[in-house]
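Asker: If you scroll down you'll find the structure; I have some questions about it.
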Amino acid sequence: MTTTTTTAAATTTAATVLDASGVTMRFGGLTAVRGVDLTVREGEIVGLIGPNGAGKTTFFNCLTGLYVPTEGQVSYKGTVLPPKPHLVTKAGIARTFQNIRLFSNMTVLENVLVGRHTRTKEGLWSALLRGPGFKKAEIASRERAMELLEFVGLDAKAEHLARNLPYGEQRKLEIARALASDPGLLLLDEPTAGMNQNETRTTEELVFAIRDKGIAVLVIEHDMKFIFNLCDRVAVLVQGEKLVEGTSDVVQGDERVVAAYLGTPYEGAPGAEEVAEVEAAEAHADEAAEETAETAETADAPAEEPAEAEAEAAADESDAETDSDSDSDSDDSDDAPEAASENATDADSTTEGDSK
């Protein structure tokens, strides 16, 4: 598999395949993509990077008709694309997805044949009657599908179920299915996600081979080494907006990209001493605020004492009355048994006198 490279001068003079102008996508009050412009030329590999949630996949969905952009338009080879996925595919744009979307219970060959549906001219009646024209088209589709499987290295597993393939080979199969529609532009959404180094290297060689066949490629990826080795140009999305676009060297050297995406301190960023000064100033401000609060509490205290004293005195008087009442009740209750005892003695004496 050859991995030839295309010079910047050659791609600059090449015809434009994709032209996205002012693409904006809103979901209610949330703007996921805002005024993004992007072009892809023939024989070019363009990367699209950015932090999670930057709007990369949403932008892909706008390009392929899954979403209808709120504003802006998408053109393929000078023709504005209709917002219908099957019509976009028919026009010449194919894609893969971040999460693999294969027909798991179909064979490897059948999955690729599904991708040929936009390039076959046989209709319903031809399929039902299965005439000579249909059989000829079916043979041609199978031959093309096998060519693509051989191209990605899966021809020996044509009759295997897709679900039985290893993860890396499922990614290859998805690319082969996308190529079955004979696209002029291939969109790859994180093609190396979850892959090891060997699988990533194989995918890189495959993308170069696709470009060598005259197919332009637009790829989303989080693996920076992969994207910078692969792409002629790289565009960076941050919070739905295009921050910068250029060669790998230009993008890696941009301070805004470093700060927003790569996470490395950029030139002019606060150093350790400046950070310490800021922290000391914040600590001093906190101490001053605490002292001010304590002074205010002390100043307010005398004005509150008389009221507090009166409240305490009233509470003491109430407690004293309660204790007095309790004592009185207690004395009365103590005398009652003695009185009852005396009455009982007098009654006994009277009874004894009567009996005598």
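The values are calculated or read from the model by the stated rules, or taken from the named source; none is laboratory data. Predicted model, so just to flag it, every value in this text is computed and none were measured. So basically every Cβ, Gly included, is an ideal-geometry build from the backbone, and we count neighbours across all protein chains shown.
This table checks each residue for (1) on the phi < 0 side of the Ramachandran plot; (2) in a strand (DSSP E or B); (3) touching a Phe, Trp or Tyr at 6+ places or on another chain (Cβ under 7 Å); (4) among the hydroxyl-bearing types (Ser, Thr, Tyr).
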{"position": "Asp19", "(1), (2), (3), (4)": "yes, yes, no, no"}
{"position": "Leu38", "(1), (2), (3), (4)": "yes, yes, no, no"}
{"position": "Gly53", "(1), (2), (3), (4)": "no, no, no, no"}
{"position": "Thr57", "(1), (2), (3), (4)": "yes, no, no, yes"}
{"position": "Ser75", "(1), (2), (3), (4)": "yes, yes, no, yes"}
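Asker: Of the numbered conditions (1) loosely packed, with under 15 Cβ neighbours inside 10 Å; (2) over 24 Å from the mean Cα position of the chain (by Cα); (3) touching a residue at least 40 places away in the same chain (Cβ under 8 Å), Leu18 fails exactly one; give the number of that condition.
Answerer: Every condition holds for Leu18 apart from (1).
Asker: Please verify whether Val46 is modelled with pLDDT of 95 or more and in the same structural domain as Val236 (by TED's automatic domain parsing), treating the condition exactly as stated.
Answerer: Criteria met by Val46.
Asker: Shifting gears a bit: Does Ser104 satisfy the criteria of being touching a strand residue (DSSP E or B) at 6+ places or on another chain (Cβ under 9 Å), part of a strand (DSSP E or B) and not hydrophobic (A, V, I, L, M, F, W, C)?
Answerer: On the way: touching a strand residue (DSSP E or B) at 6+ places or on another chain (Cβ under 9 Å): yes; part of a strand (DSSP E or B): no; not hydrophobic (A, V, I, L, M, F, W, C): yes.
So Ser104 fails the test.
Asker: Now, a different point. Cβ-Cβ distance below 8 Å, separation of 6 or more or different chains: which pairs start in the stretch 141-164 with a residue that is in contact (Cβ under 8 Å) with a residue 24 or more places away in the chain and under 18 Å from Arg101 (Cα atoms) and end on one that is of a type in the set (Asp, Glu) and buried (at least 17 other Cβ atoms within 10 Å of the Cβ)?
Answerer: Leu154/Glu169
Asker: Something else now. Scan the stretch 43-73 for residues that are β-branched (Val, Ile, Thr) and within 15 Å of Leu186 (Cα to Cα) and report the count. Explain how you work it out, then say what you get.
Answerer: Going through the stretch 43-73, the residues β-branched (Val, Ile, Thr) turn out to be 45-46, 49, 57-58, 64, 68, 70.
Narrowing further to those that are within 15 Å of Leu186 (Cα to Cα): 45-46, 57, 64.
Qualifying residue count for the region: 4.
Asker: Please verify whether Leu48 is in a strand (DSSP E or B) and within 29 Å of the chain's Cα centre (by Cα), treating the condition exactly as stated.
Answerer: Numbers: in a strand (DSSP E or B): yes; within 29 Å of the chain's Cα centre (by Cα): yes.
In short, yes.
Asker: Related question: Among the residues of the stretch 64-102, count how many are surrounded by fewer than 14 Cβ atoms within 10 Å (Cβ to Cβ) and over 21 Å from Asp19 (Cα atoms).
Answerer: Qualifying residue count, the stretch 64-102: 2.
Asker: What is the residue count in the stretch 239-254 for residues that are surrounded by 21 or more Cβ atoms within 10 Å (Cβ to Cβ) and of a type in the set (Ser, Thr, Tyr)?
Answerer: Qualifying residue count for the region: 0.
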